[in-house]
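Engineer: One structure, pasted below without further comment.
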Amino acid sequence: MYQIMVEQAKAVVNAGGGIRGEKVSHGIKYLEQLQGVFEDREAFGAMDPKTLVYEVDSQAMVSEGTAGGLFFGTSYIHPGQVGNEYFMTKGHYHNRRESAEYYWGIEGSGLLLLMEESGSIRAEQVIPGSLHYIPGNTSHRLVNTGTTVLTVGACWPSDAGHDYKSIEENGFTARVVNVDGKPVVLCKEGS
Ligand code: PAN
Ligand code: ZN
């Protein structure tokens, strides 16, 4: 019998989802990086381009593209609107289309839009504790429909990759807008 030293965890995740430690990075998305994402171009143009829309903490223990690895992240979508449309992430498919992902709600409230390549779309309500399995071949976007930060955890394969181009070109087939203080999901005809 012999003893091994017990190591400390390489990173910590606090109750609010914040990740600190080894190989953790922090990304920020300002409004100016979301050109073409929101429908109301006039409202977009009237806003401060440096408005903070969302942030992502993530830990990458392996390099992007490594088969068999996992990435772990926390997204923070700030409350706000462009015109009547709520703040949201850019949204993406995974490059490797079959890659699935888990999301879970930590704080705040919002919607997860899930769209297949056929354009067929559905929305799941995100609240603290909600768990969301995002299957392969499904693009995903988080929308903050509340008045506080929407914090969502995520875990995805390190070789999934992100395809933003398909969304930039075709968008999502639904938008989430504030109608009389309540979120309404408006779908394009035929979706
Ligand atoms: C998440 C997202 C994060 C930001 O970690 O990358 O919520 O959204 P966008 O990547 O669409 O800007 C994830 O889905 N990773 O695969
Ligand atoms: Zn993803």
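The values are calculated or read from the model by the stated rules, or taken from the named source; none is laboratory data. All values reported here derive from a predicted model rather than from experimental measurement. Cβ coordinates were reconstructed from backbone atoms using ideal geometry, including for glycine residues, and neighbour counts include every protein chain displayed. Ligands, DNA and RNA are stripped out before the accessible areas are found, and what is left, the full protein with its side chains, is counted by its heavy atoms. Shrake-Rupley method; radii C 1.70, N 1.55, O 1.52, S 1.80 Å.
Engineer: Give the residue that is farthest from E64 (Cα to Cα), with candidates limited to residues of the range 154-168 that are open to solvent by 40 Å² or more (accessible area, probe 1.4 Å) and over 13 Å from the mean Cα position of the chain (by Cα).
Structural biologist: E168
Engineer: Any residue that is in contact (Cβ under 8 Å) with a residue 12 or more places away in the chain, open to solvent by less than 60 Å² (accessible area, probe 1.4 Å) and under 11 Å from the mean Cα position of the chain (by Cα) - is there at least one of those in the range 175-189?
Structural biologist: No: zero hits.
Engineer: Can you tell me which residues in the range 74-111 are closer than 25 Å to P49 by Cα and outside any loop (DSSP other than H, G, I, E, B)?
Structural biologist: Once the filter is applied, which keeps residues that are closer than 25 Å to P49 by Cα and outside any loop (DSSP other than H, G, I, E, B), the range 74-111 yields T74, S75, Y76, I77, Q81, V82, E85, Y86, M88, H92, G110, L111.
Engineer: Among the residues of the range 33-52, is any part of a loop (DSSP other than H, G, I, E, B), under 22 Å from S139 (Cβ atoms), open to solvent by 50 Å² or more (accessible area, probe 1.4 Å) and touching a helix residue (DSSP H, G or I) at 6+ places or on another chain (Cβ under 9 Å)?
Structural biologist: Yes, the range 33-52 contains a residue that is part of a loop (DSSP other than H, G, I, E, B), under 22 Å from S139 (Cβ atoms), open to solvent by 50 Å² or more (accessible area, probe 1.4 Å) and touching a helix residue (DSSP H, G or I) at 6+ places or on another chain (Cβ under 9 Å).
Engineer: Within the range 2-25, restricting attention to residues that are within 20 Å of L150 (Cβ to Cβ) and exposed (fewer than 13 other Cβ atoms within 10 Å of the Cβ), which residue is farthest from ligand 1 (Cβ to nearest atom)?
Structural biologist: For the range 2-25, the residue satisfying everything is A15.
Engineer: Does the range 144-168 hold any residues that are within 15 Å of ligand 2 (Cβ to nearest atom) and either closer than 15 Å to E107 by Cβ or modelled with pLDDT under 95 (or both), and which are they?
Structural biologist: Result: V152, G153, A154.
Engineer: Specify the residue that is nearest to the chain's Cα centre (by Cα); the eligible residues are those in the range 53-68 that are part of a loop (DSSP other than H, G, I, E, B) and more than 14 Å from K10 (Cβ to Cβ).
Structural biologist: E64
Engineer: Considering only the range 95-153, state which residues are open to solvent by 40 Å² or more (accessible area, probe 1.4 Å) and closer than 21 Å to I19 by Cα.
Structural biologist: Once the filter is applied, which keeps residues that are open to solvent by 40 Å² or more (accessible area, probe 1.4 Å) and closer than 21 Å to I19 by Cα, the range 95-153 yields Y102, W104, E107, S109, I127, P128, G129, L131, T148, V149.
Engineer: Another question about this same structure. Quick test for you: out of G136, G108, G146, G153, pick the one residue that is at positive phi and either touching a residue at least 60 places away in the same chain (Cβ under 8 Å) or not basic (K, R) (or both).
Structural biologist: G108
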